[in-house]
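Engineer: Input: one structure, supplied below.
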Amino acid sequence: MGDSKKMHRILVIDGSRVVRASLIKHLKDDFEVLEEGNGESAWQMLVLDAGISAIISGIHPHKLEANELLARMRASSMQRLKNIPFVLIVSDLDDDEERERDRARGVAGFIT
């Protein structure tokens with residue numbers, strides 16, 4: 001707690017508790033990690049918490065799909081929501097064409 005380094009806050013969104021726990025395990029030493037299983041709740045968290053600096057999301061969180069959440073963010077009147085890096089969790093079976101469409105929608109990167 002004597003560490004004066006301010007950690008970036010990342011929001012992990014996925015319907016699977018196991019996926020969220022696995023990502024948190026890998027990220028917790030370098031980032032302050034928030035988690036949400038519900039896309040609609042994640043949206044509320046993003047609107048209210050200006051400290052979130054990146055998002056890692058599965059494709060199908062509960063109540064709001066990742067592409068719908070991303071579309072809301074990019075259409076927002078809040079500049080910070082338009083610019084937050086959005087990383088999508090994908091299958092290694094997804095094709096390059098699909099990933100290019102995701103990039104065009106505003107996905108910054110992918111985790112397989």
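Engineer: Looking only at segment 95-107, decide whether some residue is modelled with pLDDT of 95 or more and in contact with a strand residue (DSSP E or B) (Cβ under 8 Å, 6 or more places away or on another chain). Lay out the reasoning, then the answer.
Structural biologist: Applying the first criterion (modelled with pLDDT of 95 or more) to segment 95-107 yields none.
Looking through segment 95-107, none of the residues is modelled with pLDDT of 95 or more and in contact with a strand residue (DSSP E or B) (Cβ under 8 Å, 6 or more places away or on another chain).
Engineer: Now, a different point. Might you check whether a residue that is more than 12 Å from the chain's Cα centre (by Cα) and at pLDDT 95 or above occurs anywhere in segment 51-69?
Structural biologist: yes
Engineer: Now for a separate question. Restricting to segment 5-15, what's the tally of residues that are touching a residue at least 24 places away in the same chain (Cβ under 8 Å) and surrounded by fewer than 15 Cβ atoms within 10 Å (Cβ to Cβ)?
Structural biologist: Initially, segment 5-15 is screened for residues touching a residue at least 24 places away in the same chain (Cβ under 8 Å), giving 7-15.
Now drop any that are not surrounded by fewer than 15 Cβ atoms within 10 Å (Cβ to Cβ), which leaves 7-8.
Final tally of qualifying residues: 2.
Engineer: For segment 52-96, which positions are part of a loop (DSSP other than H, G, I, E, B) and open to solvent by 40 Å² or more (accessible area, probe 1.4 Å)? Even if it seems obvious, please write down each step before you answer.
Structural biologist: Residues of segment 52-96 part of a loop (DSSP other than H, G, I, E, B): 58-61, 63-65, 76-78, 84-85, 90-95.
Those that are part of a loop (DSSP other than H, G, I, E, B) and open to solvent by 40 Å² or more (accessible area, probe 1.4 Å): Ile59, His60, Lys63, Glu65, Ser77, Met78, Pro85, Ser91, Asp92, Leu93, Asp94, Asp95.
Engineer: Touching a residue at least 60 places away in the same chain (Cβ under 8 Å) and at negative phi: is that true of Val19 in this structure?
Structural biologist: Values: touching a residue at least 60 places away in the same chain (Cβ under 8 Å): yes; at negative phi: yes.
So Val19 passes the test.
The values are calculated or read from the model by the stated rules, or taken from the named source; none is laboratory data. Keep in mind that this is a model prediction, so the values were computed, not measured. Counting neighbours? That spans all protein chains shown, and the Cβs are built from the backbone with ideal geometry, glycine included. With ligands, DNA and RNA removed, areas are computed over all heavy atoms of the protein, side chains included. Shrake-Rupley method; radii C 1.70, N 1.55, O 1.52, S 1.80 Å.
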